[in-house]
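Shown next, in structure tokens, is the structure this report addresses.
The values are calculated or read from the model by the stated rules, or taken from the named source; none is laboratory data. What you see is a predicted model; the values in this text were computed from it and never measured. Note that we place each Cβ from the backbone using ideal geometry, even for glycine, and neighbour counts take in every protein chain shown. SASA here: full protein model, heavy atoms, side chains in, ligands and nucleic acids out. Shrake-Rupley method; radii C 1.70, N 1.55, O 1.52, S 1.80 Å.
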Amino acid sequence: MDLNSLVGLFDSTYHPDVNVRNNAEAQLKQFEANDGFLSTILQIIGADELSTGTKQAAAIYFKNRVSRAWSASQHALDNHAPISESDRAAAKENILKFIYATPHTIKVQLTSCLGVILNFDYPDKWAQFDGQLKELLSAQDPQMVYTGLLALRELVRLYRYSQTKRTVIDAVARDLFPRVQAVVDDAIGSDDELAMRMVWAAFKTYYAAIQVALPVALQEPGSLVAWGTSFIKMMEKPVAFDRSLVDEDTAKEPVVNRLYSRFGNPATLAPSQKRYKTFAKVFTANFLPQIMQAYFKQIDGYVQGTVWMSSRIRGLVSQMIAECVKEKAAWKLVKPHVESIVSQYIFPQMCFSEDDKELWEDNPVEYVQKKIDPLDDFGSSTVAASNLLIDFAVDRKSATLSIILNFVNSIITQYSQASEETRNPQLIDGALNMMGALCGPLCSRKSPIYSTLPDFLLTNVIPLFKSKYGFVRARALDVYCRYSSIEFSDKQVQQGVFEGVYGLLSDPELPVRVHAALALQPMIENEDIRGLLQSHLPQVMQIDSDTITHVIEEFLAQQLCDTFMRIMGDITVNTPDISTVDIDDISDKTMAAMGVLKTLGTLVLNLESSADVVFKLEEVIFPIVRFVLDQRLVDLYDEVYEILDCCTFAVKTISPNAWSLFDVIYTTFKNDSSDFIEEMLPSLDNFVSYGMDVVSTNSEVQSRLFDIIETVMKSERAGESERICACKLAEAIMLNGRGKVDGMIPGLISLAAAYLLVNDAIQTRGFLVYTLEVILNALYYNPVITLSVLEQFQWTSGIFTRLVQSIDKFTRVNDKKLVVLGLTSLLSVPADQLPASLQAGLPQVFEGILQTFHTLGEAVEARDALERMYDGTGDDFDGDYEWDGVQDELVDDDLAEDDADELQQEYLRQLAGRAGEALGEGAEGEFDDDDEDDYDEALEEELAFESPLDAVKPHVWLQDKLAEMQSSNPATYNVIVQSLNPEKSQFLQTLMDEAIKQRSEQQ
């Protein structure tokens, strides 16, 4: 293969002419099948005489080639030319050398390739790697050591989430980590870029090693002291290196936070983590005081302006302090610093900053996203500081609440007493932000200041609706929204508040308009506020009150839709054709539109019991949905799909208006492929669940539903989370259309089988469970049709083997019921229609059914426990915030406080244990053992999930199917029953007794 020709092609891949680029990529694709192709690319990457751009292009191509085709799976072979054995050998022989010799930008690409190769070839096909790794780490050349650290990191990352293959990480921690720690200790003293990269790689490796378990070698006191000393040195290291080259955020990994929160905090160790009890005691007693001293030293330096701390580092510090709040010994370290932490550390971070100002002015849409969407700004220092404040007030209220409230009151008093010219609006923003964060505990009716909250809102919050500062108006709206459960005795006051909020919907500042729309949502749910709307409807004042309420709802919906259309194009309510709306200048109005749409969604949910009103609202709201989808306003998809979901779920039927949108949804799907299937799914599920009368009789609707599922399942752009959505939609079709959609069943089975019959096609437990549930749903729908399809393509043996081997993956209640119903359906299949291979295996299938029944009761109890954990989170939060109990009484003596601490810690341990059990945590850790694949953690219960299976009683179903089998296939019935040992026979009898009991209860 000509090296120069390849160099020319890689040069062309970043040519400004797209046609040149496409032609070069097509030619490279043709060369992929040639032996020696990868080896030649490596030569280009390592050629000193070539430009960096050429080598970077070659490195990226090398990475993509390795990522797509190294596995040699059937899926990879179907889509990509195989990599020859000589190229594989050359890559493994040389990749570490090229990581060593190349600049950082190329190192990143090659290191990623190394991880892929290790994933498929280590250790069986790359036995030399261990020796190469040890040689690099023991070298005197710092670049070689750095290469070794990068390689070690990839190896550890490969097994960081595995419970069954922890021996690799345990061996690495025992044999190599002492050398790595020595390297770190030497490197920390240097400000050299390479030294800081070495520290970064080492800390990343340590962090990866402790993701799900703490290796025994790292629990040893000697290891803890050595690594702990390095951690503290790095914390206290001034930022003297070039931040453009090595960001402090990456150099200072949150290893200590992870160590303490997961393994070192005795108060939060789950029952399955008892093996870390000794380590936690040692860590808390001997190491934590030094760590916290270093944290407080950093805080003092930051407050005084002598230490620079990035936003991420400040967030990590806040998280660590929050962890210490929960444990008795750790709290004693924090308690003396509470006042300074609140006033000098938390408060400044909660004030409107210069960065906030810049974002507000330059990009108000992004500002709103960061401030309103908790996930969008989840890792910020402000959110972490807010969470720390809440932890103080909830977990240590007796020691902290008065300090917090006195400080907030002093800021508010200072602001109110200052003249207009000398007032600092940033300070009042910070004080109100703190009060907003504490709305949960303070809104509890048992809160010591609950009775003063109406006056607080009237005096200090609502007047700021008229502040000359936009960010203060937004903050006041936000705080009022958070305290919306507080009632005013004077209805005139309530009216004034409503008019103030309603007026701010037309504020010139986008964030203010969005906050006004959000503040309006809880007001709509208030009966008194609904009454206030009558002033806008004089024409209906003479009608009875129920009708007035309904007309008011329709009027408000129309007003909100009109507001939405004004935002989108400054049009009037009389514009006849919304398709003429100008959307060229839409970007700065998107977030305000989101606020209006969310309010519409709340309005519809509030009317769930008034189906006739929702039907009328559809005529007003659905044109908005159509407009957003037709114009492909992707930023608003989430909101309009949620509204569509709310409307169709509220009325539990699909109206002609709703069906008119189905074609639009399908067109949107075809335009945007699977990108928005997660947002579409609830609405599509409603179309199937409540519109089966149309689905079952309309072949075009069936065809489009299947096309959606098939496209997602086969799309290379879709990930497993999107494919899970496709499986959920398939389940909805089969469960709601039993006996009505026979023609769809073979295709749905084929889509699932395409993944189940390829060993490495499924990467996560979630997707494995949902693909298997497509088969189980098909069996429950019609076992004869299902078996016919499986036999036709010779899939029966492979599918049922995978299913029986994966029985323990079904951890949730609905999953277990589906296993029972699907497998039990086989018992009613006539003998002449039951495949011979399956007849012989029916005893094993039946044992799988009994095994599932064994754990079904436990799953139900775990789900009930999880539901109880969420009980008491009503509007006043009285269940969560105990002001009268012993959890944190106002006590002066240390003994009483210790007793309260012990009770609180016991509560935390119990909570952690219940959560672990409810989420399927095994006795030895968070992940179940898996001898075949390294799947991720168990699926969580979906407490709000509704299914036709809810009405099915599996005990009764089993009894019925056994009776059918005894009648139609007595020989196989006798084989199954006689194969049970006495214990299992007794258990089966218990199930039959329960079925009889349930029948009698039904009658």
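If you go through region 813-838, how many residues are more than 15 Å from His854 (Cβ to Cβ) and either among the polar types (S, T, N, Q) or assigned to a helix (DSSP H, G or I) (or both)?
The total comes to 14.
Looking at Gln844, is it touching a helix residue (DSSP H, G or I) at 6+ places or on another chain (Cβ under 8 Å) and open to solvent by 30 Å² or more (accessible area, probe 1.4 Å)?
Considered against the rule, which asks whether it is touching a helix residue (DSSP H, G or I) at 6+ places or on another chain (Cβ under 8 Å) and open to solvent by 30 Å² or more (accessible area, probe 1.4 Å), Gln844 comes out as yes.
Scan region 796-812 and tell me whether some residue there is part of a loop (DSSP other than H, G, I, E, B), basic (Lys, Arg), open to solvent by 10 Å² or more (accessible area, probe 1.4 Å) and at pLDDT below 95.
Checked region 796-812: at least one residue is part of a loop (DSSP other than H, G, I, E, B), basic (Lys, Arg), open to solvent by 10 Å² or more (accessible area, probe 1.4 Å) and at pLDDT below 95.
Looking only at region 160-172, which residues are more than 14 Å from Leu133 (Cβ to Cβ), in a helix (DSSP H, G or I) and open to solvent by less than 40 Å² (accessible area, probe 1.4 Å)?
Filtering region 160-172 for residues more than 14 Å from Leu133 (Cβ to Cβ) gives 160-167, 170.
With the extra rule that they be in a helix (DSSP H, G or I), the set shrinks to 166-167, 170.
Result: Arg166, single match.
Suppose we filter region 1-44 for residues that are touching a helix residue (DSSP H, G or I) at 6+ places or on another chain (Cβ under 7 Å), open to solvent by less than 80 Å² (accessible area, probe 1.4 Å) and either part of a helix (DSSP H, G or I) or without any contact (Cβ under 8 Å) to a residue 40 or more places away in the chain (or both); how many remain?
Number satisfying all stated conditions: 21.
Do the conditions hold for Ala217, that is, is it in contact (Cβ under 8 Å) with a residue 40 or more places away in the chain, open to solvent by less than 40 Å² (accessible area, probe 1.4 Å) and closer than 27 Å to Leu269 by Cα?
Yes; evaluated as a whole, the condition is true for this residue.
Select, from Val225, Val180, the only residue that is farther than 17 Å from Leu149 by Cα and either at pLDDT below 95 or in the same structural domain as Ala139 (by the TED database) (or both).
Details: Val180 fails: farther than 17 Å from Leu149 by Cα.
Step by step, each of Val225, Val180 is checked, and only Val225 is farther than 17 Å from Leu149 by Cα and either at pLDDT below 95 or in the same structural domain as Ala139 (by the TED database) (or both).
Scan Pro538, Pro522, Pro463 and give me the residue that is open to solvent by 30 Å² or more (accessible area, probe 1.4 Å) and at pLDDT 90 or above.
Pro463
List the pairs whose first member sits in region 433-453 and is in contact (Cβ under 8 Å) with a residue 24 or more places away in the chain and among the charged types (D, E, K, R), whose second member is open to solvent by 10 Å² or more (accessible area, probe 1.4 Å) and in a loop (DSSP other than H, G, I, E, B), and whose Cβ atoms are under 7 Å apart, counting only residues at least 6 apart or on separate chains?
Within 7 Å, the pairs are Arg445/Asp876; Arg445/Asp878; Lys446/Asp878; Lys446/Trp883; Lys446/Asp884.
Just one of (1) under 40 Å from the mean Cα position of the chain (by Cα); (2) touching a residue at least 12 places away in the same chain (Cβ under 8 Å); (3) open to solvent by 40 Å² or more (accessible area, probe 1.4 Å) trips up Leu50, so point out which.
Just one mismatch for Leu50, condition (1).
Output the number of the condition that Leu155 fails; it satisfies all remaining conditions of (1) assigned to a helix (DSSP H, G or I); (2) open to solvent by 10 Å² or more (accessible area, probe 1.4 Å).
(2)
Just checking, does region 21-30 include any residue being within 20 Å of Val116 (Cβ to Cβ) and out of contact with any Ser or Thr (no Cβ under 9 Å at 6 or more places or on another chain)?
yes
Could you tell me whether Phe62 is among the hydrophobic types (A, V, I, L, M, F, W, C) and over 28 Å from Val156 (Cβ atoms)?
No.
Among the numbered criteria (1) of a type outside the set (Phe, Trp, Tyr); (2) assigned by the TED database to the domain that holds Lys63; (3) open to solvent by 10 Å² or more (accessible area, probe 1.4 Å), which one does Ser138 miss?
Exception for Ser138: condition (2).
Name every residue in region 688-729 that is assigned to a helix (DSSP H, G or I), out of contact with any Gly (no Cβ under 9 Å at 6 or more places or on another chain) and of a type in the set (A, V, I, L, M, F, W, C), in order of residue number. First the steps, then the outcome.
Pass one, region 688-729, residues assigned to a helix (DSSP H, G or I): 688-690, 692-695, 699-714, 720-729.
Those still in the list that are out of contact with any Gly (no Cβ under 9 Å at 6 or more places or on another chain) too: 689-690, 693-694, 700, 703-705, 707-708, 711-714, 722-723, 725-729.
Within region 688-729, Val694, Leu705, Ile708, Val712, Met713, Cys725, Ala726, Cys727, Leu729 qualify.
Out of contact with any strand residue (DSSP E or B) (no Cβ under 9 Å at 6 or more places or on another chain), closer than 29 Å to Ile299 by Cβ and not in a helix (DSSP H, G or I): is that true of Asp185 in this structure?
no
Checking the structure you have, find out if any residue of region 630-637 is touching a residue at least 40 places away in the same chain (Cβ under 8 Å), under 26 Å from Leu818 (Cα atoms), surrounded by fewer than 23 Cβ atoms within 10 Å (Cβ to Cβ) and not polar (S, T, N, Q).
no
Quick grid of which residues meet (1) among the hydrophobic types (A, V, I, L, M, F, W, C); (2) at pLDDT 50 or above:
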| position | (1), (2) |
| --- | --- |
| Gly920 | no, no |
| Asp934 | no, no |
| Glu941 | no, yes |
| Phe945 | yes, yes |
| Lys953 | no, yes |
| Pro970 | no, yes |
| Tyr973 | no, yes |
| Glu983 | no, yes |
| Leu988 | yes, yes |
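All but one of (1) within 36 Å of the chain's Cα centre (by Cα); (2) open to solvent by 50 Å² or more (accessible area, probe 1.4 Å); (3) in contact (Cβ under 8 Å) with a residue 24 or more places away in the chain hold for Leu949; which doesn't?
Among (1) within 36 Å of the chain's Cα centre (by Cα); (2) open to solvent by 50 Å² or more (accessible area, probe 1.4 Å); (3) in contact (Cβ under 8 Å) with a residue 24 or more places away in the chain, the lone unmet condition for Leu949 is (2).
Identify, from the list Thr147, Thr105, the residue that is within 18 Å of Lys55 (Cβ to Cβ) and open to solvent by less than 60 Å² (accessible area, probe 1.4 Å). Break it down stepwise before answering.
Details: Thr105 fails: open to solvent by less than 60 Å² (accessible area, probe 1.4 Å).
Within the list Thr147, Thr105, the selection yields Thr147.
Just give me the residues in region 730-775 being within 26 Å of Arg68 (Cβ to Cβ), open to solvent by 10 Å² or more (accessible area, probe 1.4 Å) and in a helix (DSSP H, G or I), in sequence order.
Scanning region 730-775 gives Ser750, Leu751, Ala754, Tyr755, Tyr770.
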